[in-house]
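Heads up: the structure comes next, in structure tokens.
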Amino acid sequence: MDLTEGTFEEKRARSKKMMLWFGIGSLIMTFAGLTSAFIVSRTREDWLVDFELPQAFFISLIVIIMSSFTMIMAKRSLKQNNISQTTVWLVITFVLGIYFVFNQFQGFGQFIAQGYNFTGATSNITVSFIYVIAVVHILHVIAGLISLLVVIINNLNKKYTSKNMLGLELAAHFWHFIDILWVFLFLFLYFFKDII
């Protein structure tokens with residue numbers, strides 16, 4: 001299909017979706033760089049070979065997967081023009097997102113309790129990499145939470161219908177991306193120590 005075809009609204013929707021995918025592509029490159037640096041750094045003498053991820057990161061994994069499910073339910077409710085049910089699912093997704101961020105910080109606290117700080121004499125390059133990867137991901141979750149908040153407000157103002165779902169669809173695509181990204185990052189960090 002020619003990208004110049006269609007109504008103004010259709011062209012606008014296509015351009016917004018394309019901008020989102022370009023953004024997601026750049027995020028993939030960012031995290032590919034971070035995980036590559038993590039792999040390359042394993043040759044350092046001070047590299048931890050058998051580190052344990054904090055228990056809170058496991059909880060984060062479950063929470064983020066649940067939030068993808070609730071986002072799917074929000075989209076399904078909007079397709080049925082059930083605005084109130086859409087709002088409920090969006091709010092649950094938002095709360096799960098906040099709980100995810102909370103658990104990430106709990107995980108940092110558990111690292112500190114193990115004696116690993118981000119910097120300083122008690123820091124370690126392995127754990128410092130994990131901090132950086134998790135913090136960069138948290139920043140994108142916060143961006144997702146802001147977009148969710150905008151979608152919730154727009155939905156309450158009845159700006160979306162089953163025929164006009166663009167805002168929710170864009171937020172859902174981004175949310176699912178950051179969810180899948182955490183699943184990948186978690187599995188990468190969890191299994192990496194076993195493939196060195």
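Our estimate of slack between VAL135 and PHE105, defined as 0.36 nm per intervening residue step minus the Cα-Cα distance, is 9.9 nm.
Are there trypsin sites (Lys or Arg not before Pro) in segment 1-77 that DSSP marks as loop and that have at most 11 other Cβ atoms within 10 Å, and which are they? Display every interim value, and only then the final one.
Working: sites: LYS11, ARG12, ARG14, LYS16, LYS17, ARG42, ARG44, LYS75, ARG76; in loops: ARG44.
Here the trypsin sites (Lys or Arg not before Pro) that fit, given the DSSP loop and packing criteria, are ARG44.
Within the chain, which is the longest segment that contains none of the GluC sites (Glu not before Pro) sitting in a DSSP loop with at most 15 other Cβ atoms within 10 Å? Display every interim value, and only then the final one.
Values: sites that count: GLU5, GLU45, GLU52.
Answer from the scan: 53-196.
Wrap a convex hull around the Cα atoms of segment 17-97, take a quarter of its surface area, and give that in square nanometres.
Working: hull surface 30.2 nm².
For segment 17-97, the mean projected area of the Cα convex hull comes to 7.5 nm².
Any idea how many Lys pairs in the chain come in under 30 angstrom at the alpha carbon, given 8 or more places apart or on separate chains? Lysine pair count for the chain: 21.
Could you please report the charge total around ALA172, scoring K, R as +1 and D, E as -1 over all other residues with beta-carbon less than 15 angstrom from its beta-carbon?
On the way: positive: LYS16, LYS17, LYS75, ARG76, LYS79; negative: GLU169, ASP179.
That sum, taken over residues with Cβ under 15 Å, equals +3.
Restricting to Cα pairs below 8 Å that are 6+ residues apart, what does the relative contact order work out to for the chain? Please round to a whole percent. Don't skip to the answer; put the middle values down first.
Numbers: 172 pairs, mean separation 54.9, N = 196.
Relative contact order here is 28 percent.
Per-residue Karplus couplings for segment 36-45, computed as 6.51 cos²θ - 1.76 cosθ + 1.60 with θ equal to phi - 60°, are listed in order as 5, 4, 4, 5, 5, 6, 5, 7, 5, 5 Hz, Gly and Pro entered as x.
Once the chain from SER128 to TRP21 is taken as fully extended at 0.36 nm per residue, the excess over their C-alpha distance is 35.6 nm.
Normalised by the number of residues in segment 33-103, what is the relative contact order in percent for Cα pairs under 8 Å and 6+ residues apart? Before the final figure, lay out the partial values.
Numbers: 45 pairs, mean separation 24.3, N = 71.
So the answer I get is 34 percent.
Applying 1/(1 + (r/R0)^6) with R0 = 35 Å to the Cβ-Cβ distance of VAL183 and GLN85, what FRET efficiency is obtained, to the nearest 0.05?
Values: r = 27 Å, r/R0 = 0.76.
So, using R0 = 35 Å, E works out to roughly 0.85.
For SER123, nonlocal amide neighbours, meaning residues 5 or more places apart or on other chains whose placed amide H falls under 5 Å from its own, are ASN117.
By the compact-protein rule of thumb, 2.2 N^0.38 Å, the alpha-carbon radius of gyration of segment 8-192 corresponds to a ratio of 1.16.
Using DSSP to define loop residues, name the trypsin sites (Lys or Arg not before Pro) in segment 106-195 whose beta-carbon has at most 10 other beta-carbon atoms within 10 Å. Sites meeting the loop and neighbour criteria: LYS158, LYS163. Summing +1 for each Lys or Arg and -1 for each Asp or Glu among the other residues whose beta-carbon sits under 13 angstrom from that of VAL151 gives +2.
The modelled label-to-label distance for the pair ALA113/GLU45, using points 7 Å beyond Cα in the direction of Cβ, is 3.3 nm.
Read-outs throughout are calculated quantities, based only on the coordinates presented, and are distinct from any laboratory measurement. All of these numbers come straight from a predicted model, not from anything done at the bench. Note that we place each Cβ from the backbone using ideal geometry, even for glycine, and neighbour counts take in every protein chain shown.
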